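The next block holds one structure in the form of structure tokens; read it before the comments.
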Amino acid sequence: MRAVNRASPLKRRRRTKAQVVQLERQIHDVLREDQPQSIRHVFYRMTDPRLPEPVEKSERGYRHVQERCTVMRREGRLPYGWISDATRRGHHVATYDDAGDFLRSVAGMYRADLWAQADTYCEVWTESRSIAGVIQNDCKELAVSLYPAGGFSSLTLAYQASTHINHYAADRGAVIFFIGDYDPAGVLIDVAIERELRSHLDPGLDLTFKRVGINPDQIEEYDLPTKPRKASDKRVSDLRETVEAEAMPAALLRRLLRSEIEALLPPRALEIARVAEESERSILAEFAEMRGDW
């Protein structure tokens, strides 16, 4: 039997201290310019061969970026809030000192209905919780519900969401925007979600389901990094190259989504709502101060 040479012809080099410092500088620059981002978003930015110190496009490269982010955060060199993680969160119970404390707390939570005069109801669905964490603030600002499916959606989540759609979109229809990977699973997940939602909608309710990303034309237009499909995955056999949703820069992803959502809102809806919110919050704050005289 012929001996097998186990020495790798492409032995991976260990980064020098100067190279590690450069990589950390790149990570900081990317996050300082645009945050929050998931670790995977940052990883894809670091695979850019034009960078002074790029990382390899592999799980090993991802782990290296993850490790540097962890070190930088623990040492106070990278704000914790710059990294999003919607996959893990606590469940808290809010308590208050008294009714006045409660009123002061809820005053800041008051939101005017941006969509009261809109011609349609809007929601956003994502394949992963990672992507949801990156767009969560935008969805909150634009007052649209956000559903991270976590892969193929559960029957319960789809049923609960369709009940919500039936209530809010009964007389005007609904538009759902979806963001997911472009891979054998990702191109089927949105189809499955749409099919399950439609099965629970009231007869005659008009639903538009649109994939905002990742789309084949975006891969070419934005030069998104691809990787070969897994040979073991037999779904969608004509799809040869795959792209994770995190491969699209977070700022670009948010901009594309906001553009789609804002196009559905009446003119100046956000501006008008903010004025109304300030007025109502002031009234609630006055009630809170009056609490001591009740």
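The values are calculated or read from the model by the stated rules, or taken from the named source; none is laboratory data. Only a predicted model underlies this, so the values are computations on that prediction, with no experimental measurement involved. Ideal geometry is used to build each Cβ from the backbone, glycine not excepted, and the neighbour counts take in all protein chains shown. In case anyone asks, the SASA skips ligands and DNA or RNA and just uses the protein heavy atoms, side chains included. Shrake-Rupley method; radii C 1.70, N 1.55, O 1.52, S 1.80 Å.
When segment 135-161 is examined, which residues are found to be open to solvent by less than 20 Å² (accessible area, probe 1.4 Å), more than 12 Å from the chain's Cα centre (by Cα) and touching a residue at least 40 places away in the same chain (Cβ under 8 Å)?
Listed by number, the residues that qualify are Leu142, Val144, Ala158.
Evaluate the following for Val124: is it under 19 Å from the mean Cα position of the chain (by Cα) and not polar (S, T, N, Q)?
So Val124 passes the test.
Name the one entry in Ser58, Ser84, Ser38, Ser105 that is touching a His at 6+ places or on another chain (Cβ under 9 Å), open to solvent by less than 50 Å² (accessible area, probe 1.4 Å) and not β-branched (Val, Ile, Thr).
Unique residue meeting the criteria: Ser84.
Within the group Tyr80, Tyr121, Tyr96, which residue is hydroxyl-bearing (Ser, Thr, Tyr) and in contact (Cβ under 8 Å) with a residue 24 or more places away in the chain?
Tyr121
Tell me, yes or no, whether segment 167-186 has at least one residue that is in contact with a Phe, Trp or Tyr (Cβ under 6 Å, 6 or more places away or on another chain), free of Cβ contacts under 8 Å to residues at least 40 places away in the same chain and open to solvent by less than 60 Å² (accessible area, probe 1.4 Å).
no
Given the conditions (1) closer than 21 Å to Arg258 by Cα; (2) out of contact with any strand residue (DSSP E or B) (no Cβ under 7 Å at 6 or more places or on another chain); (3) of a type outside the set (D, E, K, R); (4) outside any helix (DSSP H, G or I), report the number of the one that Tyr96 does not fulfil.
Unmet for Tyr96, out of (1) closer than 21 Å to Arg258 by Cα; (2) out of contact with any strand residue (DSSP E or B) (no Cβ under 7 Å at 6 or more places or on another chain); (3) of a type outside the set (D, E, K, R); (4) outside any helix (DSSP H, G or I): (1).
Within segment 140-170, which residues are in a loop (DSSP other than H, G, I, E, B), more than 17 Å from Pro266 (Cα to Cα) and not polar (S, T, N, Q)?
Ala149, Gly150, Gly151, Phe152, Ala170
Please go through segment 187-198 and give me each residue that is in contact (Cβ under 8 Å) with a residue 40 or more places away in the chain, under 10 Å from Ala158 (Cβ atoms) and either of a type in the set (Phe, Trp, Tyr) or out of contact with any strand residue (DSSP E or B) (no Cβ under 7 Å at 6 or more places or on another chain) (or both), ordered by number.
Ala192, Glu196 - these are the residues of segment 187-198 that are in contact (Cβ under 8 Å) with a residue 40 or more places away in the chain, under 10 Å from Ala158 (Cβ atoms) and either of a type in the set (Phe, Trp, Tyr) or out of contact with any strand residue (DSSP E or B) (no Cβ under 7 Å at 6 or more places or on another chain) (or both).
Please return the ranges of helices (runs of 4 or more DSSP H) entirely within segment 195-291 where 1 or more residues are at pLDDT below 75 and either surrounded by 14 or more Cβ atoms within 10 Å (Cβ to Cβ) or on the phi > 0 side of the Ramachandran plot (or both).
Fully inside segment 195-291 and qualifying: 269-290.
Quick check, is Leu23 touching a residue at least 24 places away in the same chain (Cβ under 8 Å), of a type in the set (A, V, I, L, M), in a helix (DSSP H, G or I) and buried (at least 18 other Cβ atoms within 10 Å of the Cβ)?
So Leu23 passes the test.
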